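Enquirer: Provided herewith is a single structure, encoded as C-alpha cells, for subsequent inquiry.
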Amino acid sequence: MKRVLGILTFILFVGLMSTSCSNNKTRPLEESISAFLNGNEQIISFGSANLKDILNKTEYEKESKVKAFLSEPMNQLMTSMNMDLPVYFAIEGPFIDGNPTATYLFMEVKDAALLKENLTKNGFEIQDAKDFSFVEDGDMNLAFDEKLATILIKPNVSDAKEALNALRKRTQGDVSTGMIASILAKKDDVVIGASLANLLGTSNTDLKKLPEQKQDEFKAMMNNSFIENTLNFEDGAIVFETKNHFSKELQDKLFFNQDGSAEIVKYMGKGSPIVGFSMNLNTRKLQDFLEEFAPEALNELSMIVGGPFAMAMMISNNDISKLVDGKVGGVLVGDATNVIDGMTPDFNVYLGLGSLGKNLGGSIKEFMSDKFEVINLTDSSISGYSSKSFAGSGLKLPEAGEGFGKNTFDFFVNLEGIDVEEFQLEGAGRLIELVKFIKFNYNEHGGKLIVKAKNGKENALKQVFDKLLNVFQDKIA
C-alpha cells in the first residue's frame, strides 16, 4: 500500500511540475503581463489596446490610398502576431523631461518564423540568446520566442540581451491579483490603469519636506489605490471613463462634494448656455487636507493673489472654509457669433461664500463692477451677469448640460446649432466640425468625458478618420 501511495505521489508531483513548466512556456498573454506587474513598484501605469478592433473601426480598407499604404505592414503584423488579442503595455516611472523611464509592450507571437522573416525584410538584425531571439534598434529592444514578444523602449540600455532576459523572467512569475487583475481583464478599446502608490513612490514631490510620520501616513493612503480608465469609440461618440478605486483612508480624506439638487443652477441666470463649468468642494475638508499635507499652500496662494484675498485670509485666520463654501460656477450665454466675431461673449458667474466671506464678496463686487451689468451680493453668495438680459432664473440646459451642478466638477461645450465652420480652423482643428457637444462630469467615484458627434449612427472613429483624410488629402496623395 505504501509503495502504491509513493508511486501515486511521484506521478502527481511530476504532473504538477510538468503543468507548471508548460504554463511558463505557453501561459496566456494576459498572465505574462500580470506576472510582470506583480510586485513591480516602478510601474506607474499599465493597460491594453485592442489595435485590430480600433483599426477596423476606421474602415481604412475602404479607402484605396490608405489601404495600399497599410496593406503590406498590416499583413506582416497580422501574420506574425496574434492581433486578435490586445497589445498590453506598462509605463515605468519616474517621468524625466516629460518622458517615462521605460515603456514595455507585450504581444502574443503567432508565427515566430514569419516574425523573423519580416524583421529581417525590414532591415533588423536578429540576434539569438539562450531561449529567445532579440533585436536592438536605438532605444527599442525586442525579444521573442514561439509564444511571447516583449518590447523594451528605454534610452541608454547598456546590455540589451541582459535587460530583455530580466524582463522575460518577470513575465514567468506569479500573476497579480486584486485591482491589477481586474483592470487587465477589461476588454475596452483602450484600458489604462494607474497605481497611486507607485506614482508617489517614483515621484519627487514637496511631500518629502513633511515630517516622516506625515509622509508615512500619506503613503499608507496611496496603498492599494488605483485609477481605472477606459476609452471606447462608439457609434456617434468617443467615451473616456475613469473609476476611482481608493483605499478607505484616502476616501475619507477626499474633499469632493456632490449636490443632487444642483442648487447652483438657480443662480446661473437664464438663457441657453453654450459653455458651462461648476465646482463643488468641501472646503472644510480641503482645509484639513492642506494643513496636513501642504501646510504652506494657502499662505502661498494668499501671496500670489494678494490684495483683498490676503486680507480676508488674515481675518479668517487663514481658514478658507470661512470665506468660500466650495460652490463655483459659470456659464457662457448669448449669441455664439460674438465669439466667432472676436467680441466678448455674455456670461454669468456664481461664487458661494462662507460665514466670514461677505467682505471678500464686497471686494469681488467692486472688481466686477465694470464688467457686469447686474451683481447680486448676499451673506452666502455673489453672482454676476454681464448682461441684464440674462439675469434672474430659468437657465435652459442643453443635452450637454445633463448633470450640471450635481458633481464635484461639471463642464460642457454645446456646439449644436453653431456654424463652427465660421471659426475657419485649419488642419486637425477642423475635427470640431464633427462635434455636437462635449461634456465632462466627475465626482469622488470617478467621471466620464463624452465627445458626442453630430452623426449618431456612424462610429465616431470612422468619422474622425474620414475627416482627416479629407483635410489632409493633398499630403496623403
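Any read-out appearing in this document is the output of simple, stated calculations on the displayed coordinates, not a laboratory observation. This is a predicted model, so every value here is computed, not measured. Ideal geometry is used to build each Cβ from the backbone, glycine not excepted, and the neighbour counts take in all protein chains shown.
Enquirer: Could you list, in their original order, any pairs among K52/K452; K65/K147; K388/K436; K187/K248; K327/K454 whose Cα atoms are separated by more than 25 Å?
Expert: The pairs that break the limit, which is 25 Å between Cα atoms, are K65/K147; K388/K436; K187/K248; K327/K454.
Enquirer: A further question on this structure: With 10 angstrom as the radius, rank D419, D370, D235, D189 by how many other C-beta atoms surround their C-beta, starting from the fewest.
Expert: D370, D419, D235, D189
Enquirer: Okay, next question. Can you pick out the pairs among K322/K365; K57/K406; K186/K448; K243/K406; K57/K467 whose Cα atoms lie more than 26 Å from each other?
Expert: Pairs exceeding 26 Å: K57/K406.
Enquirer: On to the next question. Hey, what D do you get for the chain in µm²/s if you plug the Kirkwood alpha-carbon radius into Stokes-Einstein at 10 °C and 1.306 mPa s?
Expert: 59 µm²/s
Enquirer: In percent, what relative contact order does the chain have, based on Cα pairs under 8 Å that are 6 or more apart in sequence?
Expert: RCO, the chain: 14 percent.
Enquirer: Charges only on Cβ, +1 for Lys and Arg, -1 for Asp and Glu: so what's the dipole of the chain about the Cα centre, in debye to the nearest 20?
Expert: 1060 debye
Enquirer: Report the Cα-based extents of segment 27-193 along its three principal axes, largest first, to the nearest Å.
Expert: So the three principal-axis extents are 47, 36, 35 Å.
Enquirer: Here is a follow-up. Between the alpha-carbon centers of segment 70-107 and segment 222-241, tell me the distance in whole angstrom.
Expert: Cα centres, segment 70-107 to segment 222-241: 19 Å.
Enquirer: Hey, another quick one. Projecting each Cα onto the charge dipole of the chain (Lys/Arg +1, Asp/Glu -1 at the beta carbon, about the Cα centre), which of T230, N204, F69 comes out farthest on the positive side?
Expert: T230
Enquirer: Can you give me the relative contact order of segment 255-443 as a percent, contacts being Cα pairs under 8 Å and 6 or more apart?
Expert: 30 percent
Enquirer: Hey, another quick one. Please give me the summed charge of the neighbours of S393: other residues whose Cβ is under 15 Å from its Cβ, Lys and Arg +1, Asp and Glu -1.
Expert: Around S393, the surrounding residues sum to +3.
Enquirer: Next up: Of all trypsin sites (Lys or Arg not before Pro) in segment 347-452, which ones are in loop regions per DSSP and have a Cβ with at most 10 other Cβ atoms within 10 Å?
Expert: K396
Enquirer: If you don't mind, there's one more thing I want to ask. What does the net charge come to around L115 if you take all other residues with beta carbon closer than 13 Å to its beta carbon, with K and R at +1 and D and E at -1?
Expert: Charge balance in the 13 Å sphere: -1.
Enquirer: Order of S386, S34, S182, S133 from fewest to most other C-beta atoms within 10 Å?
Expert: S182, S133, S386, S34
Enquirer: Could you work out the relative contact order of segment 27-193? I mean the mean sequence separation of Cα pairs under 8 Å and 6+ apart, divided by the number of residues, in percent.
Expert: 31 percent
Enquirer: So for M107, M78, fewest C-beta neighbours within 10 Å to most, what's the order?
Expert: The fewest-first ordering by Cβ neighbours comes to M78, M107.
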